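The values are calculated or read from the model by the stated rules, or taken from the named source; none is laboratory data. If you're wondering where the values come from, they're calculated on a predicted model, not measured in any experiment. Quick reminder, even Gly has a Cβ in these numbers, built from the backbone with ideal geometry, and neighbours come from all protein chains shown. Note: accessible area is taken over every heavy atom of the protein model, side chains too, but ligands, DNA and RNA are not part of it. Shrake-Rupley method; radii C 1.70, N 1.55, O 1.52, S 1.80 Å.
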Amino acid sequence: MNVTDMLDQAREMPYGAAQIALLEQAIAHADAQRLADEAFEARMLATTGYVYGGEPARSFVTFSWCLTEFDQDPVRYGRWTHHLLWSFKAMVSAMTKFPEIPLARTTDVLDDMERRWRAGGHSPHAVYAHRHYVARHVGDLEAAERWFDRWSAAPRDDLSDCVGCDPTGKAHWLAVRGRDEEAIALAEPVLAGRLSCTEQPQSIYTTLLRPYLRTGRAEAARDAHRRAYRLHRTRLADLADIADHVVFCALTGNEALGLEIVERHLDWLERSPTPLATMNFSAAAALVLGRLDRHSGLTVGGRPVGAVAEELTARALDLAARFDARNGTGHQSEQVRRTLAATPLGEGVALAAAGSRLAPPPTSAPVPVAPVWTEPVPPTDGPDELLDLADTAFRERREEAAFAAWAAFDDRYGAGPLTPLQQARRLDGAGSAAADREDDAAAEQAWRQADALYATAGDEVRRQVVRGRLGMGLLRQGRVDEGGALIEESTAFLLGHGGAERLARAHLRLAYAHAAAGRLAESVATGRVAEEHADVAEDPSVRGQILALRAQALGRLGEIEEAEVAAGAARERFRPAGPPDELAHACLLHGVTLRQLGRFDEALDAFDEGHAVPCGATLRRLVARQRAGLLANSARAAEAIAPLVEEIAALTAAGDRETVPHTQYELAIAYLNAGRALDAAEVGEEALAALDAAGDEQALAVRDLLVAVYQELSEHESVVAQLTALTTAIAARDEPEQLARVTERLAEALDRLDRDASAAGRFADAAASWSVAGRPVDALRARRRHATSLLWAGQPETALAALAEADTAAAALPAEPHAVWERAMLDYDAARLLDRTDRVAEAILRAARAVDGFRSLGAGTQVGFAGLLHGQLLQAEGRSDEARSVLSDALALVPDDEAALRGQLERALAG
């Protein structure tokens, strides 16, 4: 790689250690080869790279070298004049941040800066701004105010800070002076515009943190913190800004989040960009850690928070004293002490997204409550009549009435004496009540006692019924063999001794046993036998239970359409007067099968109905979970957030760490679809960390989601990072089509960042993967974009070679619409490329072919663009009549709603 290639590559790299290393390599090669121009360029790029890469001290050397060379030969390096003058601002700013640099030296550089500004006829706007910054740093508030006024009055020019940074500096001063409303009014309109500066929008958001908080704009403050810190957190150069966010956590009662931020960046102090950043972060960290010292056992970096707080306090005060000695004031020490003594403002602001690790526990939504049985139990002639009353109520699924009757039995007859049969019947009921409240151990104990007492009483029918119930209880505990054996024995006996309803229930229990043992076809068949007896049973819910079980068995067999029919029938059966749990369960089954069939609106209706039923807690949670998962991907995504947050809280409380990140993934989807991208990012990133650590395949899906989230947040570097990680992960698998898709998306992301050379390489990779996947038309699209990216990267000859390869690939494609479209696009881009390389005659031919291709597809808008290009190329060659004909034909095919394009064609015709 030659020096020019190194510099081209460095321009496309993000700021940081890797870019700095490459630029230093370029400097060394340029010096060794005595390439004066390249040596100058490399040092100018390195000056900026050092500043934004977190090593500003090293920028002093490269800047001074360039300034000396420029002054010796201003004509040779004239094209760097603006860049050099712009860098003066960064030098002045950086010099104040090192206490070992005399203040007089900074003033000298400022004076030189002002002299050069005047000599070039530039506005003093930027000079006044930096005189204000120096005065503000030393604590000369009168001078700072004076320079602020002159700065505000001076006209902006091309050496002024950008439209984001300039208001940020002014808003900071207004906030320092307690003019919060003015600071907000000045800064907020800037956020509505387009900001392309490396330091924005995070700097302006950070500046607004305290003004928002002090003026009661808690939600705006929360949003500003979360938007800004996300961008600061990966940039060593922003350590001082990160300190502001640590303080903000302390001011808003978010010490736990502050601790997490301190832990994440504490080791940055060992490579801090400046002593001033070290001082500010140390003071901020000491504030948070000091607050947390009362919580015994908390550590940071493996050490007690209190001990670390003491060390950081001492470090911050020592550095402040060094700055004050240099500046001749006590301003920096005063600032540090103010930070260390800061107290919370207002009532606090919840900064963490609900559903994230640091979020407070959610407030549960109201739960539908089943009506409580309030009717008195009627008087009876004896214990048997009351037991009959309870049994009837329970059989009819009026559980509350049954429980009330059993309680009345205990009050009236519990003291005895009772016969073995009466005791058995009461224990049978106790087992059913325990099962209803999901106390399996108590249910098993009661039913086993009832079994023995029924045997003593000689009531074999009731004994076999209770043994069937016991078998069902054992199935619920996972004791399939033991429970199945009891159910089979019970059913075999009742075939010859039970009535229709008992037979229906016996076969139903047997069907459950078959299903639990994995004998699904037998379960379905046995359920059909149970259904025959259910026709004459008194309890209408029996048929509903049979249908619900059938739906489950058919679903496990993969017969989803049949399962949906059964689940829907069960739901209809339970709806009129079915028990709440049975109706909710049927709604759950029906919703799941409808979802599997892609009938999402109907599935959501089923889940909505089930969610409104006052069922048991476990079942309600299952319904809510399924409903929320479907809502998350719908227009009603906001409704999914609260139940998913509750589910995460429940999983966390139960110690189910494996399921939490999967649920957080669904929550992140809900947040994104509800327009809450910041929350989606926070929760999604937390899920990704856990899934990555566990080696879980779903990490790929979370990364893909985060790409969409970052695009929504305009965090373009994060988009590239996630797509790069996805590409690496998929490249390790034998999935060429998936690899091609992700690689092309990465290329497009790089293209949006104007990293054209990198984009070209990724488009070439995508083309290769599309070819391996047997997708030649898609491969042609990627080849075409490879060629155009090479052109934008300033590599015209390589672009022409890539174009030739694309033409060869295009010639082999069939004449089907997708291929015709891509060939026309290739012709269009080829015309632009050939025009830029002064091969106009060839460009005209390719533009004409593009028009013909799009016309054959009836693509009027594309005919317009291609015709416009064709006409302009003809006009440039003096072929006006041909151009007019081409432009007129194109205009006739452009749709009326393409006003802008039609206007361009009309103006070209008029010209």
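Points worth noting:
- Convex hull volume of the C-alpha atoms in segment 609-735, normalised per residue: 113 Å³.
- Protein accessible area in segment 454-507, 1.4 Å probe - carbon and sulfur %: 49 percent
- Sites Glu712 and Ala900 - FRET efficiency at Förster radius 25 Å, r taken between beta-carbons, to 0.05: 0.45
- Rounded if a/c under 1.5, otherwise prolate or oblate - segment 429-485, Cα gyration tensor axes: oblate
- Between Ala804 and Asn633, the distance separating the two model label sites (each 7 Å from Cα on the Cα→Cβ line) works out to 4.8 nm.
- Our estimate of slack between Arg839 and Thr456, defined as 0.36 nm per intervening residue step minus the Cα-Cα distance, is 127.2 nm.
- Translational diffusion coefficient (Stokes-Einstein; Kirkwood radius from C-alpha pairs) of segment 762-803 at 10 °C, 1.306 mPa s, in µm²/s: 159 µm²/s
- Residue-normalised accessible area of segment 1-123, expressed per residue, 1.4 Å probe, Å²: 47 Å²
- Spin-label model, Arg519/Ser888: points 7 Å from Cα along the beta carbon direction are separated by 8.7 nm.
- In the full protein context, segment 655-708 carries 38 Å² of accessible surface per residue, based on a 1.4 Å probe and ignoring ligands, DNA and RNA.
- Exposure ranking of Arg784, Arg233, Arg58 by accessible area [1.4 Å probe, largest first]: Arg58, Arg233, Arg784
- From the C-alpha gyration tensor of the chain, square roots of 5λ in Å: 69, 42, 23
- Mean ellipticity per residue at 222 nm, deg cm²/dmol - from DSSP H runs of n ≥ 4 across the chain, formula -39500 (n - 2.57): -24000 deg cm²/dmol
- Anisotropy class of segment 683-738 from Cα gyration tensor, a/c 1.5 cut: oblate
- Only protein heavy atoms count here; under a 1.4 Å probe, Ile669 has an accessible surface of about 20 Å².
- Acute angle (nearest 10 degrees) that the helix 218-232 long axis makes with the longest principal axis of the chain, alpha-carbon atoms: 60 degrees
- The slack in the chain from Asp754 to Ala876, taken as 0.36 nm per residue of separation less the alpha-carbon distance, amounts to 41.1 nm.
- Rg over Rh for segment 227-273 works out to 0.95, both radii taken from alpha-carbon positions and Rh defined as the Kirkwood radius.
- Here segment 653-700 exposes an accessible surface that is 48 percent carbon and sulfur, computed with a 1.4 Å probe and the other protein chains kept in place.
- Ranked order, Arg217, Arg907 - accessible area, probe 1.4 Å, largest first: Arg907, Arg217
- Expressed as a whole percent, the accessible area of segment 780-854 that falls on carbon and sulfur atoms is 53 (1.4 Å probe).
- Residue-wise HN-Hα coupling along segment 302-309, computed from phi with Karplus coefficients 6.51, -1.76, 1.60 (Hz; x: Gly, Pro): x, 10, x, 4, x, 5, 5, 4
- The accessible area of Glu639, taken with all protein chains in place and a 1.4 Å probe, comes to roughly 80 Å².
- Compactness of segment 1-159 is given as radius of gyration and Dmax, 16.8, 54 Å, from Cα positions.
- The accessible area of Glu310, taken with all protein chains in place and a 1.4 Å probe, comes to roughly 140 Å².
- P(r), alpha carbons of segment 536-624 - 10 Å bins starting at zero, rounded %: 21, 52, 25, 2
- In this structure segment 783-911 gives 49 Å² per residue of accessible area when probed at 1.4 Å with all protein chains present.
- For Val300, the residues whose amide H sits under 5 Å from its own are Val305, ignoring neighbours fewer than 5 places away on the same chain, with H placed 1.01 Å from N.
- Calculated FRET value between Glu375 and Glu482, using beta carbons and R₀ = 35 Å, to 0.05: 0.35
- Global form of segment 801-895, assessed from the alpha-carbon gyration tensor, a/c cut-off 1.5: oblate
- Debye equation applied to the C-alpha atoms of segment 422-549, log10 I(q)/I(0) at 0.10, 0.13 Å⁻¹: -0.28, -0.48
- Heavy-atom accessible area order for Glu898, Glu697, Glu582, largest first, 1.4 Å probe: Glu697, Glu898, Glu582
- A simple rule links phi to the HN-Hα coupling: the Karplus curve 6.51 cos²θ - 1.76 cosθ + 1.60 with θ = phi - 60°, which for segment 334-350 gives 4, 5, 5, 5, 5, 5, 5, 9, 4, 10, x, 9, x, 8, x, 10, 6 Hz, with x for Gly and Pro.
- Residue-by-residue Karplus 3J(HN,Hα) for segment 58-63, coefficients 6.51, -1.76, 1.60, Hz, glycine and proline x: 6, 6, 4, 5, 5, 5
- In summary, the convex hull built on the alpha carbon positions of segment 157-312 has an orientation-averaged projected area of 9.8 nm².
- When the convex hull of its Cα atoms is projected in every direction, mean area for segment 737-789 (nm²): 2.7 nm²
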